[in-house]
Amino acid sequence: MPTDQTAVLADVSSMLRSVLGDFGDDAEITMDTTFSDDLGMESIDVVSLAGRLQARYGTSVNFALFVSGLDVQSVGQLKVGELVDYIVDSLAKAPSRS
C-alpha cells in the first residue's frame, strides 16, 4: 500500500475523478486544490469519497475522525493536500500486516 505523498495524491486524485464523474476529468488536482471552491464538491460527494477511502485503506484511515473537528465552512476550504498528509500519517502509524 502506498505510503508516500506522491502515491497517495495519485490515489486520492483517482478517487476524486471517480466521484466527480465528467467534471473531474478536466479538473487539475494538486495538493493545493480545495474540495469545495476548486472541485465543487457537495456533501454527497464527500460521503462517496469517504466510502472510497475506506475501501482502499480500510480502518487505517478514518475520514470521519479527520473531518469531525471541522465545521461546514472548514470542510469546504479543506485542501486535497491536507487529506493526503492525513492519509500518509495514518498509514505510517498503522500496525504493519505480516
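The values are calculated or read from the model by the stated rules, or taken from the named source; none is laboratory data. Bear in mind that the values here come from a model prediction, so they are computed numbers and not experimental data. Quick reminder, even Gly has a Cβ in these numbers, built from the backbone with ideal geometry, and neighbours come from all protein chains shown.
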Review point. So which residues in region 1-51 are closer than 22 Å to residue 77 by Cβ, of a type in the set (Gly, Ala, Ser) and modelled with pLDDT under 90?
Key: 24, 27, 36, 40, 43
Exercise for review: Only residues in region 25-46 that are loosely packed, with under 12 Cβ neighbours inside 10 Å count as the first member; pair them with residues that are assigned to a strand (DSSP E or B), Cβ under 8 angstrom, at least 6 apart or cross-chain, and list the lot.
Suggested key: 32/79
Review point. Given the residues 40, 58, which is the only one that is part of a loop (DSSP other than H, G, I, E, B), on the phi > 0 side of the Ramachandran plot and not aromatic (Phe, Trp, Tyr)?
Key: 40
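Residue 3: outside any helix (DSSP H, G or I), in contact (Cβ under 8 Å) with a residue 24 or more places away in the chain, closer than 19 Å to residue 94 by Cα and among the β-branched types (Val, Ile, Thr), yes or no? Walk me through how you get there before you give the answer.
Values: outside any helix (DSSP H, G or I): yes; in contact (Cβ under 8 Å) with a residue 24 or more places away in the chain: yes; closer than 19 Å to residue 94 by Cα: yes; among the β-branched types (Val, Ile, Thr): yes.
Yes, satisfied.
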Study note, to complete from the structure: Counted residues in region 55-89 being closer than 24 Å to residue 44 by Cβ, modelled with pLDDT of 90 or more and small (Gly, Ala, Ser) come to 3
